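Below: one structure, written as structure tokens.
The values are calculated or read from the model by the stated rules, or taken from the named source; none is laboratory data. Given the structure is predicted, the values throughout are model-derived calculations rather than measurements. Please note: Cβ atoms are built from the backbone with ideal geometry, for glycine as well, and neighbour counts cover all protein chains shown. SASA here: full protein model, heavy atoms, side chains in, ligands and nucleic acids out. Shrake-Rupley method; radii C 1.70, N 1.55, O 1.52, S 1.80 Å.
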Amino acid sequence: MDMTLEETADDIRSMRVRGAAKISRAAAQAIRDVAMAFKGNSVEDMRNILREAAVTLLGTRPSAVSLRNGVNYTLAPLHDADTNDVESLRKKVSEKADEFIARSHEALKLIGEYGSRRIPQKGIVMTHCNSQAALSAILKAHDDGKDIRVYATESRPWKQGHITARALAEAGVPVTLIVDSAIRHFIDTVDIVIVGADTVTSSGTVINKIGTSVMALCAKESRVPVIVCAETYKFSPRSARGEMVEIEERDPAEVADPGAFPGVTIANPVFDVTPPEYITAIVTEKGLISPYAAFEIIKEFEGEFK
Ligand code: RUB
């Protein structure tokens, strides 16, 4: 079923569709649907409508560079000087969207394979929030017969950790759901931390669900390796040009009812920043890299994602 652009934007804004990879695929699909539904004859009108669609989608979740990269990748034909009629623009945008979505699924599979190799034959994994990329590695290790157990943090305030815990339990992986503040209590028993990323900057800093940096800090103190699973389209070309990543601040009501706390400010930053010195490796579909090599990935893919 084709969704309208507004429906997709609303699904992403309200987190009915969430997670950096899923929102980027939904955005690429939405751009494709806009191109397919365009009825006019003017390629200039079509270009304007596609640009407006991009603005709407990019405003939904400001921290996820995957969204921008997915939209820019799909709209690359807007910059083709020789794409000057409606049908060829429609065809190219549609092909780009399909390509991006296929590439995203393929990346997830490869990240699963590469990431799983870092998981010991028998051991305890800790993860945070709900990341398809991190889950891909954990589930692959389990499928390969590794004897693993997982601590999944609840991930307040949205409790995406519930999704992770259920997915692992359904797959037959022994999983323990813990509150976020129990990270340090359990970290000494953990062999490896595996998390996802919303954005990776050119300096190797990872922006991911609030609490990730605390987990990485505790892991470093306990000498537990921290593996970040991130597709190359989560690397931010703009960060290489000095731009800071905006940390999304959501409705305080997600944390607590403001009406029940008169005179209290409630803050709800939903991502935090983990510096590269807390990260052992980043697993991309191109292979494992040091976080300090993030700039190389950005240079390689800059043309595609801008
Ligand atoms: C989700 C989150 C995930 C990353 C990576 O935050 O921080 O770790 O997006 O996910 P939210 P994936 O629930 O606010 O979107 O690996 O699935 O792309």
Residue check, Ile192 open to solvent by 20 Å² or more (accessible area, probe 1.4 Å), of a type outside the set (Asp, Glu) and under 20 Å from Gly115 (Cβ atoms): no
Taking region 225-245 on its own, how many of its residues are in a loop (DSSP other than H, G, I, E, B), more than 14 Å from the ligand (Cβ to nearest atom) and not small (Gly, Ala, Ser)? 4
With the structure loaded, tell me whether Leu5 is within 16 Å of the ligand (Cβ to nearest atom), surrounded by 15 or more Cβ atoms within 10 Å (Cβ to Cβ) and on the phi < 0 side of the Ramachandran plot or whether it fails that test. no
Can you tell me which residue among Arg18, Arg51 is farther than 16 Å from Ile101 by Cβ and away from the ligand (no atom under 16 Å from the Cβ)? Arg51
Pairs, please: C-beta under 7 Å, at least 6 apart or cross-chain, first residue under 21 Å from His185 (Cα atoms) and in region 138-161, second more than 15 Å from the ligand (Cβ to nearest atom) and open to solvent by 80 Å² or more (accessible area, probe 1.4 Å)? Ala152/Leu177; Glu154/Leu177; Gly161/Leu177
Could you give every pair whose Cβ atoms fall below 8 Å, whose first residue belongs to region 6-32 and is aliphatic (A, V, I, L, M) and outside any helix (DSSP H, G or I), and whose second residue is open to solvent by less than 40 Å² (accessible area, probe 1.4 Å) and within 11 Å of the ligand (Cβ to nearest atom), counting only separations of at least 6 or pairs across chains? Val17/Ile23
Whichever residue in region 195-205 is within 12 Å of the ligand (Cβ to nearest atom) and open to solvent by less than 10 Å² (accessible area, probe 1.4 Å) and, among such residues, is nearest to the chain's Cα centre (by Cα): Ala197
Residue check: is Ser181 in contact (Cβ under 8 Å) with a residue 24 or more places away in the chain, open to solvent by 20 Å² or more (accessible area, probe 1.4 Å) and not charged (D, E, K, R)? no
So how many residues does region 76-94 have that are open to solvent by less than 90 Å² (accessible area, probe 1.4 Å) and either without any contact (Cβ under 8 Å) to a residue 60 or more places away in the chain or touching a Pro at 6+ places or on another chain (Cβ under 7 Å) (or both)? 11
Is there a residue in region 96-106 that is free of Cβ contacts under 8 Å to residues at least 40 places away in the same chain, open to solvent by 30 Å² or more (accessible area, probe 1.4 Å) and hydrophobic (A, V, I, L, M, F, W, C)? yes
Scanning for something outside any helix (DSSP H, G or I) and more than 16 Å from the ligand (Cβ to nearest atom), does region 206-220 turn up at least one residue? no
Name the residues in region 42-75 that are among the β-branched types (Val, Ile, Thr) and assigned to a loop (DSSP other than H, G, I, E, B), would you? Thr60
For region 146-170, name all the residues that are open to solvent by 20 Å² or more (accessible area, probe 1.4 Å) and either away from the ligand (no atom under 16 Å from the Cβ) or assigned to a helix (DSSP H, G or I) (or both). Lys146, Asp147, Arg149, His162, Ile163, Arg166, Ala167, Ala169, Glu170
Out of (1) open to solvent by 10 Å² or more (accessible area, probe 1.4 Å); (2) within 16 Å of the ligand (Cβ to nearest atom); (3) not hydrophobic (A, V, I, L, M, F, W, C), the odd one out for Pro258 is which? (2)
